[in-house]
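Asker: Got a structure for you, written out below as structure tokens; questions coming shortly.
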Ligand code: 5GP
């Protein structure tokens, strides 16, 4: 998606070797007009797949997921990072290791909001090592729901998550795939 790549080149900054900061338009301050273009692109890619629910993880996926859901006319469920012990049986639960904070979270979704009748599109801002996406897929599987695929805004293709999940048969659609990046030379995209 050229508009997104241009924005990343103009406003993204690289920290160290593997962190891309896009907080001026994607995951702190949010450019909602850009989100609309992103949501429309996800619809073009997943139209006709029968998506009736969008699943994301708090916090930075929520805004993009909500704007995307307006194109699919369906609700958004976000997996919550849980601090408290939940009563067994009420929630699906899985563990996710955070790329940015390096710690492991329990994440939960209420069984009331995900079930075998659902066809789920997972949306997230970044794909790096794939832990967040694998956790969300685990929740979809626990619910007995169908997975249409994952829509990712920025995939760091030099990290292993995307390839590993595609090899497992998951349909991963990333709108910008970063081939390499450095503080000196900025970001280079795949194709
Ligand atoms: P993964 O679980 O695939 O390793 O990482 C995905 C999650 O980590 C995303 O939900 C995102 O919040 C965060 N993340 C991973 N890489 C980056 C990055 O380069 N920049 C920012 N801002 N967040 C990232």
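Asker: In whole angstrom, and with the biggest value first, how far do the Cα coordinates of the stretch 135-180 range along each principal axis?
Answerer: Rounded to whole Å, the extents work out to 37, 17, 15 Å.
Asker: Another one. Which length gain, in nm to one decimal place, applies between residue 84 and residue 113 when the Cα-Cα distance is subtracted from 0.36 nm times their residue separation?
Answerer: Numbers: separation 29, 0.36 × 29 = 10.44 nm, distance 1.92 nm.
Between residue 84 and residue 113, full extension yields 8.5 nm more.
Asker: Could I get the Rg over Rh figure for the chain? Both from C-alpha atoms, Rh via Kirkwood, rounded to two places.
Answerer: Details: Rg = 16.0 Å, Rh = 16.8 Å.
Across the chain, the Cα-based Rg/Rh ratio is 0.95.
Asker: Then there is this: Roughly how tilted is helix 131-143, in degrees to the nearest 10 and between 0 and 90, from the longest Cα axis of the chain?
Answerer: Computed tilt is about 20 degrees.
Asker: Same structure, new question: Using the alpha-carbon centroid of each, what span in Å lies between the stretch 128-154 and the stretch 2-49?
Answerer: Between the Cα centres of the stretch 128-154 and the stretch 2-49 lies a distance of 19 Å.
Asker: If you take the square roots of the eigenvalues of the alpha-carbon gyration tensor of the stretch 44-122 and sort them as a ≥ b ≥ c, do you get rounded (a/c under 1.5), prolate (a/b over b/c) or oblate?
Answerer: Details: a/c = 2.50, a/b = 1.46, b/c = 1.72.
Cα axes put the stretch 44-122 in the oblate bin.
Asker: Work out how much length residue 13 to residue 184 would gain on full extension: take 0.36 nm times their residue separation and subtract the Cα-Cα distance, in nm to one decimal. Please list the in-between numbers first.
Answerer: Numbers: separation 171, 0.36 × 171 = 61.56 nm, distance 1.02 nm.
Gain on extension, residue 13 to residue 184, equals 60.5 nm.
Asker: If you don't mind, another one. Rounded to the nearest 500, what is the chain's calculated 222 nm mean residue ellipticity when only DSSP H runs of at least 4 contribute -39500 (n - 2.57) each, over all residues? All intermediate terms of the calculation are to be shown ahead of the outcome.
Answerer: Working: 5 runs with 56 residues, N = 191.
When only DSSP H runs of four or more count, the value is -9000 deg cm²/dmol.
Asker: Also, quick follow-up: Among the DSSP beta bridges whose two residues both lie in the stretch 40-191, what percent are antiparallel, rounded to the nearest 5?
Answerer: 40
Asker: Give me the one-decimal nm value for the distance between modelled label points at residue 103 and residue 191, 7 Å along each residue's Cα-to-Cβ direction.
Answerer: 4.0
Asker: Give the relative contact order (percent, whole number) for the stretch 1-124; include only Cα pairs under 8 Å separated by 6+ residues. Numbers along the way, then the final one.
Answerer: Working: 164 pairs, mean separation 28.5, N = 124.
Relative contact order, the stretch 1-124: 23 percent.
Asker: In Å and from the alpha-carbon atoms only, list the Rg and Dmax of the stretch 96-160.
Answerer: Rg then Dmax for the stretch 96-160, in Å: 12.4, 37.
The numbers here are math on the coordinates, done by the rules we state, and not lab data. Every value quoted in this text rests on a predicted model; they were computed, and no experiment measured them. Positions of Cβ are backbone-derived with ideal geometry, glycine not excepted, and every protein chain shown enters the neighbour counts.
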